[in-house]
Amino acid sequence: MAKKPSVKRGKRGVDERSNNWPLEQRPGFLIRRLHQIHVALFQERCSEFDVTPLQYSLLSALAVRGTADQTTLAADVALDRTTTTGALKRLQARRFIERAVRPEDRRARACRLTAAGAMLLSKMEAAARAAHHDTLASLGKAEQKRLVKLMQRVVAANSASA
């Protein structure tokens, strides 16, 4: 009987010499699936408001900051300025925010919530929180806290590179 070649396994038990790495063990795959799941839950809970998770994040950032330029908001939500600007324009078209050219820098725009934007944010807060809760509902309270802390740690450790 021929001897079966040994398989070199890494720390996580993955065969490092082949492509035998199941998707359900890959962090990137799991993170993408978790994002898809959260977006679906957010849309389900918040559909009546017709706001995307990105738009909700921008409204939330403006609620904290009061007024902010588009570059600052892009950094707050960890997206490029072009994508952020597009989302802000859509919010402006719906009169949820105001964007004004800054006198000291004609290329920059100062953004702030309108009364309608603040009211929308207030109305949708419970539904948005429920979507976040639903995303982690299969975990116990301690597991939820631990997962959030671990995600925060990974994000903080990689913020300079992304």
Using alpha carbons only, how many degrees (0 to 90, rounded to 10) separate the axis of helix 27-46 from the longest principal axis of the chain? 40
Heavy-atom accessible area of the chain with neighbours in place, 1.4 angstrom probe: carbon+sulfur share in percent works out to 55
For the stretch 78-162, accessible area per residue (1.4 Å probe, heavy atoms of protein chains only), Å²: 71
Could you tell me the relative contact order of the chain? Use alpha-carbon pairs under 8 Å, at least six residues apart, and round to a whole percent. 21
Counting helices only, and only those DSSP H runs with n ≥ 4, report the 222 nm mean residue ellipticity of the chain as the sum of -39,500 (n - 2.57) divided by its residues, in deg cm²/dmol to the nearest 500. -18500 deg cm²/dmol
Which peptide among 85-96, 23-34 comes first, and what is the full order, when sorted by highest mean count of other Cβ atoms within 10 Å? 85-96, 23-34
Treating the angle as unsigned and between 0 and 90°, give the value, to the nearest 10°, between the Cα long axis of helix 81-93 and the longest Cα principal axis of the chain. 50
What is the helix-to-structure angle for 141-158, meaning the angle in degrees between its Cα long axis and the longest Cα principal axis of the chain, kept from 0 to 90 and rounded to the nearest 10? 80
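The values are calculated or read from the model by the stated rules, or taken from the named source; none is laboratory data. Nothing here was measured: the structure is a model prediction, and the numbers come from that model. Please note: Cβ atoms are built from the backbone with ideal geometry, for glycine as well, and neighbour counts cover all protein chains shown. The area values use the complete protein model at the heavy-atom level, side chains included, leaving out ligands, DNA and RNA. Shrake-Rupley method; radii C 1.70, N 1.55, O 1.52, S 1.80 Å.
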